[in-house]
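Inspection log for the structure reproduced underneath, given as structure tokens.
Nothing in this text is a laboratory measurement; each read-out follows from the coordinates by a stated rule. Note that the structure is predicted; figures quoted are calculated from it, not measured. Cβ coordinates were reconstructed from backbone atoms using ideal geometry, including for glycine residues, and neighbour counts include every protein chain displayed.
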Amino acid sequence: MKTNYLESRRLKVSLPQPVRGTHDLLPEDFRRHAHVIETARTIAARFGYDETSTPIFEFTEVFARTMGETSDVVSKEMYSFESRNGESITLRPEYTAGICRSFISNGLQQNVPVKVFANGPMFRYERPQKGRQRQFHQIDLECIGAAEAKADIEVISVAAMILKSLGVMEHCRLQINTLGDSESRTSYRTALVEYFSDHKDNLSQDSLNRLDRNPLRILDSKDKGDQALVAEAPLFSEYLNSYSAEFFDEVLKGLDLLGIEYDLNRRLVRGLDYYTHTAFEFVTTALGAQGALIAGGRYDGLIEALGGKPTPGIGWAGGIERLAMLASNLPDGKRPIAIVPVGDVAESEASKLAYELRQAGFSIEMAFKGNVGKRMKRANKVNSRAAILIGEDELERNCCTFRDLDEGTQTEIPLKSVKQALDALG
């Protein structure tokens, strides 16, 4: 009996693959990933930032209000779905909006400044590329309730110290700009609308759509025709009032005092209306096209946009995948100690010893089965520092064979002295 094409296809076994834009964090990847998080967590704590976390999904309105209906993230990239009761839910594309929502929901206004650090997965539907997937991970830092330039300096210095500790600072450069206060932004917005209105015929459709609603977004356009126009557009610095100029000058002086180098990038913007004053990015070309490793800015109008009382804030987010790819000073992992029972009689005693040593804080490798040769191959494969061999003869004398795998030496020691011998390895 012949099998038709569809039936033959069903009979073929296909290997399962992850969804496009997602990837598995295998143990070696995860070690790098965890190193970035732990480094950032430790340094953030030195500056007084407590760790927090928000739900992995929020009401869509949380992101639509804060990121803007015209932004690419909201209009093209969010993973949104309708819940069973008809509410629109979105997997978080970034941390800041959720943390600010949490600030309002939990009545933290009386605790300002609220200084928090977070890390976790984010979701955006975009073309997968090196160091950026549809499910990706970020570290995040927010300082809510501080209007002073000192907060801007601190937030940037935390990022700089993290990058330096990861061995990444040599691969990137801080770019910084000011967006001024609301008065300065209004003046600049008027100038931009006037300038781009005179060049409507050469603007992309996306930029035409943004012209009246959010002209600052045009400055972020990737369209080559738009970029040519942007190069000749008015600069924000020409429309700063004295307060905004003095605020930015204080930020730069603070960075100079700390020895944090920077480049002024007068085209660097944040396109949403609640962003004010400082905007910055730590950028690199080490991963191909120039990209941001850590980016942020001051968002003095964001809490209000979510329905809270006017509250200043500043923060940043950094891509863990990109940072992990560049991190150069990963600490050596704790090497395990192999326990090798010789013969069936020694299995129980070896298991008991392994458990006791793990309780004492040692990393122990003990294969589930195999002869001595196979178990020693396993010990070498996992880069064990030493091996403890226990056989029937040794048990009768309450001792074991202690083999230093780095030095190639072997001695017989009492079982009660094993912990002391392992401590001596350092």
| Student exercise, the chain dipole from Lys, Arg, Asp, Glu Cβ charges, in Debye to nearest 20 | 1640
| note | Within the range 392-426, DSSP-loop GluC sites (Glu not before Pro) with at most 11 other C-beta atoms within 10 Å are Glu407
| PRE reach from Ala424 (point 7 Å along Cα→Cβ): which of the range 351-385 fall under 18 Å by backbone N? | 385
| Do any chymotrypsin sites (Phe, Trp or Tyr not before Pro) in the range 325-426 lie in a loop, going by DSSP, with at most 12 other beta-carbon atoms within 10 Å of their beta carbon, and if so which? | Phe368
| remark: The size of the Cβ-based charge dipole (Lys, Arg +1; Asp, Glu -1) of the range 380-426 about the Cα centre, to the nearest 20 debye, is 220
| So what are the chain's ellipsoid semi-axes, whole angstrom, largest first, if each one is the square root of 5 times an eigenvalue of the alpha-carbon gyration tensor? | 53, 28, 20
| message | As a test of the formula, what do you get for the chain when each DSSP H run with n ≥ 4 contributes -39,500 (n - 2.57) and the sum is divided by the residue count, at 222 nm and rounded to the nearest 500 deg cm²/dmol? | response | -11000 deg cm²/dmol
| Rough spin-label spacing in nm, given labels placed 7 Å along Cα→Cβ, for Asp181 and Val382 | 6.2
| task | Convert each backbone phi in the range 352-365 into a coupling constant with the Karplus relation 6.51 cos²θ - 1.76 cosθ + 1.60 (shift: θ = phi - 60°), then list the ³J(HN,Hα) values in order as whole Hz, x for Gly and Pro. | result | 5, 5, 4, 5, 5, 5, 5, 4, 7, x, 8, 8, 10, 10
| message | For a quick check of your reading of the filter: which GluC sites (Glu not before Pro) in the range 252-338 sit in a DSSP loop and have no more than 16 other Cβ atoms within 10 Å? | response | Glu261
| query | Based on the Cα coordinates of the range 337-425, what is the per residue volume of their convex hull in Å³? | reply | 86
| request: Go through Lys76/Lys309; Lys224/Lys309; Lys130/Lys150; Lys200/Lys253; Lys76/Lys224 and tell me which ones have a Cα-Cα distance over 32 Å in this structure. | output: Lys224/Lys309; Lys130/Lys150; Lys200/Lys253
| What does the convex hull of the Cα atoms of the range 180-318 come to per residue, in Å³, rounded to a whole number? | 130
| query | Using a Gaussian network for the chain with springs between C-alpha atoms less than 10 Å apart, which of these wobbles most: Asp263, Asp344, Asp223? | reply | Asp344
